[in-house]
Amino acid sequence: MEYREDGSVWVCYRGEELDITDRFGEDGICYVKLTGDGGTLYMTVKYLGGHATSPHSYISPEDFNTGD
C-alpha cells in the first residue's frame, strides 16, 4: 500500500502496481480483488486507516484496526 504525494493510493502486488484511488466509497473503504498465479487475494482498505487481506473473502472494516 502506498500513498503518494499527488494524493493517489496504490497497491503493489507481485511486481504489479494498481491505482485504487477512485475505488474508495464515501465511507473511505475500498475493496480490491487481486488475482495472479498464486490464486486470489481479497483486500479491504481503509483510507489512511490500514488494510487487511484474505485468500477467502473480504474482511469487514470493523474487524481490523479496531483502535481507531
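Taken one residue at a time, the phi angles of segment 35-52 give Karplus couplings (6.51, -1.76, 1.60, θ = phi - 60°) of 10, x, 4, x, x, 9, 10, 9, 10, 10, 10, 9, 4, 6, x, x, 8, 9 Hz. Gly and Pro are set to x.
Hey, what does the equivalent ellipsoid look like for the chain, semi-axes from the Cα gyration tensor as sqrt of 5 times each eigenvalue, largest first, whole Å?
Numbers: eigenvalues 67, 56, 18 Å².
The equivalent ellipsoid of the chain has semi-axes of 18, 17, 10 Å.
Dipole magnitude for the chain: computed about the Cα centre from +1 point charges on Lys and Arg Cβ and -1 point charges on Asp and Glu Cβ, it is near 240 debye. At full extension, Asn65 and Ile29 could sit 11.7 nm farther apart than now, given 0.36 nm per residue minus the alpha carbon distance.
Values in this text are rule-based calculations from the coordinates and carry no lab data. What you see is a predicted model, and the numbers here were worked out from it, not measured in a lab. A quick note on method: Cβ atoms are made from the backbone with ideal geometry, for glycine too, and the neighbour counts reach across all protein chains shown.
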